[in-house]
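K.L.:
Handing you this structure, nothing more for now.
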Amino acid sequence: MFQHILVPVDGSDLAVAAAERATRFAQEQRAKLTFFFAHPDYSSSLYGETALMEVLDPTLYQETMEKRAQALLSRASAAARDAALPYECAFCASDRPYEKIIETALARNCDLIIMASHGRGGIGSLVLGSVTQAVLANSKLPVLVYR
């Protein structure tokens, strides 16, 4: 039924669990996966140390964010790699990650988004995270929320 699934990740344990569950679902569907991370740009960084790096050395900031993105995506895609499923990874800078999640899903012709109910900014399973809520409110694609 689904052929290409976008899986946004943020490094949280729940996002990794959602990625693992998405991998199992993709196996059943014989679908391709795209793991995606939108890191903050320097002007809206939630990471104090990287904001300071940008002021001191823009190149160092970019390199640090790329290494962080690659590490997060490698962790998230491990199950797909182990299962020999077709997958790809992508990342970009954005102060509005929900917009980039939707844009990436559309640009890569995904037909489903699977994401965690909340991530690093979440306060537990009591409420949906703000990024998840924004994706649900703005996406025309189906969104499966992993809790």
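The values are calculated or read from the model by the stated rules, or taken from the named source; none is laboratory data. Just so it is clear, the structure is predicted and the values come from calculations on it, not from any experiment. Cβ atoms come from the backbone with ideal geometry, glycine included; neighbour counts cover every protein chain shown. Accessible surface is based on the protein model in full, side chains and every heavy atom, while ligands, DNA and RNA are left aside. Shrake-Rupley method; radii C 1.70, N 1.55, O 1.52, S 1.80 Å.
K.L.:
Need the failing condition index for PRO40 against (1) over 14 Å from ILE113 (Cβ atoms); (2) modelled with pLDDT of 95 or more, just the number.
P.N.:
Failed condition: (2).
K.L.:
Across region 56-109, which residue is modelled with the lowest pLDDT among those that are outside any helix (DSSP H, G or I) and in contact with an Asp or Glu (Cβ under 6 Å, 6 or more places away or on another chain)?
P.N.:
ASP95
K.L.:
In region 7-44, what residues are open to solvent by 10 Å² or more (accessible area, probe 1.4 Å), polar (S, T, N, Q) and under 30 Å from PRO58 (Cβ atoms)?
P.N.:
Result: SER12, SER43, SER44.
K.L.:
Next question, about the same structure. With the structure loaded, tell me whether ALA15 is farther than 15 Å from VAL135 by Cβ and either modelled with pLDDT of 90 or more or not in a strand (DSSP E or B) (or both) or whether it fails that test.
P.N.:
Taking the combined requirement at face value, the residue does not satisfy it.
K.L.:
Pull out all pairs, ordered by first then second residue, where Cβ-Cβ is under 6 Å, the residues are six or more apart or on different chains, the first lies in region 91-111 and is open to solvent by 60 Å² or more (accessible area, probe 1.4 Å), and the second is in a helix (DSSP H, G or I).
P.N.:
Listed by first residue and then by second, the contacts come to PHE91/ALA69; ASP95/SER44.
K.L.:
Right, another one. Scan region 56-92 for residues that are more than 14 Å from ALA15 (Cβ to Cβ) and of a type in the set (Ser, Thr, Tyr) and jot them down.
P.N.:
If the condition is that a residue be more than 14 Å from ALA15 (Cβ to Cβ) and of a type in the set (Ser, Thr, Tyr), then THR59, TYR61, THR64, TYR87 are the ones that fit.
K.L.:
Considering each of MET115, MET53 in turn, give the residue that is open to solvent by less than 40 Å² (accessible area, probe 1.4 Å) and either modelled with pLDDT under 95 or out of contact with any helix residue (DSSP H, G or I) (no Cβ under 8 Å at 6 or more places or on another chain) (or both).
P.N.:
MET53
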